[in-house]
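**Student:** There's a structure below that I have some questions on.
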Amino acid sequence: MSDFGSLHHVEIQVSDLEASVGSWAWLFDILGYTPYQEWNGGRSWRHGSTYIVVASAPRDGIHDRRDAGLNHLAFHAGATQNVDRLWEAAPQNGWNQLYVDRHPWAGGDEHYAAFLDNVERFKVELVATDPTE
């Protein structure tokens, strides 16, 4: 199988690496990523041939996903029960629950997902593989 066209890596630049890395580490671990690299200004996690980097931003600034640029990362998160489990565990692991009034259907009537953001307001979407069951 060729990796042609698949995502190689994503780099997320944060203003406070130490404050951010805990929430990302929990999420990546629970999604099956393994620690890959670690250096003074960053960490990375790998899943198959794809890896994700969380690194200290070289300039000051505040991330706002509503500005032009990347809005969020969406991950396959298994069955609806797994999405529910992640939703419940997220607040104790550095993630805020988003769209609580519409959870788990905030993405639409046939899109079962948990929407979360962390201390730096980076947003993730955890999507169920069996939304209609």
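Quick note: the coordinates plus some simple rules give every number you see, no bench work behind them. Computed from a predicted structure; not experimentally measured. Virtual Cβ from ideal backbone geometry, glycine too; neighbours counted across all protein chains shown.
**Student:** Which log10 I(q)/I(0) values does the chain give at q = 0.11, 0.17, 0.20 Å⁻¹ under the Debye formula, counting every alpha carbon as one identical point scatterer?
**Tutor:** At q = 0.11, 0.17, 0.20 Å⁻¹ the computed log10 ratios are -0.40, -0.97, -1.28.
**Student:** Rounding to the nearest 10 and keeping the result within 0 to 90°, find how far the Cα-based axis of helix 80-89 lies from the longest principal axis of the chain.
**Tutor:** 50
**Student:** Can you tell me how much longer the chain between Trp105 and Asn40 gets when fully stretched, taken as 0.36 nm per residue apart minus their C-alpha distance, in nm with one decimal?
**Tutor:** Result: 19.4 nm gained on full extension.
**Student:** Can I ask one more? Which of the peptides 7-18, 25-36, 110-121 is most tightly packed, and how do the rest follow, judged by the mean count of other Cβ atoms within 10 Å per residue?
**Tutor:** Highest to lowest by the protection proxy: 110-121, 25-36, 7-18.
**Student:** 5 Å is the cut-off here: which amide hydrogens, built 1.01 Å from N in the peptide plane, fall below it relative to Asn118, excluding neighbours closer than 5 in sequence?
**Tutor:** Here Asn96 satisfy the definition.
**Student:** Do you know the relative contact order of the chain, to the nearest whole percent, from alpha carbon pairs under 8 angstrom that are 6+ apart?
**Tutor:** With pairs under 8 Å counted, the relative contact order is 24 percent.
**Student:** So how much slack lies between His47 and Gln81, counting 0.36 nm per residue of separation and subtracting their Cα-Cα distance, in nm?
**Tutor:** 10.1 nm
**Student:** Compare the Cα positions of Pro58, Ala19, His103 along the charge dipole of the chain (+1 at Cβ of Lys, Arg; -1 at Cβ of Asp, Glu; about the Cα centre) and return the one farthest towards the positive end.
**Tutor:** Value: Pro58.
**Student:** How big is the dipole moment of the chain about its Cα centre under a simple scheme where the beta carbon of each Lys and Arg is +1, that of each Asp and Glu is -1, and everything else is neutral? Debye, nearest 20, please.
**Tutor:** Dipole size: approximately 240 debye.
**Student:** Same structure again: Using the Karplus curve 6.51 cos²θ - 1.76 cosθ + 1.60 with θ = phi - 60°, what ³J(HN,Hα) values do you get for each residue of the range 90-104, in whole Hz, with x for Gly and Pro?
**Tutor:** So the Karplus estimates, Gly and Pro as x, are 4, x, 7, 10, x, 10, 8, 7, 9, 6, 3, 5, 10, 5, x Hz.
**Student:** Sticking with this one: If contacts are Cα pairs under 8 angstrom and at least 6 residues apart, what is the relative contact order of the range 68-133 in percent?
**Tutor:** Once normalised by length, the contact order is 42 percent.
**Student:** Turning to a different aspect of this structure: Using per-residue counts of other Cβ atoms within 10 Å, averaged over each peptide, order 39-51, 86-98, 57-69 from highest down.
**Tutor:** 86-98, 39-51, 57-69
**Student:** Next question, about the same structure. Using amide H atoms built 1.01 Å from N in the peptide plane, name the residues 5+ places from Ala79, or on other chains, whose amide H lies under 5 Å from its own.
**Tutor:** For Ala79, whose amide H was placed from the backbone, the distant partners under 5 Å are Thr129.
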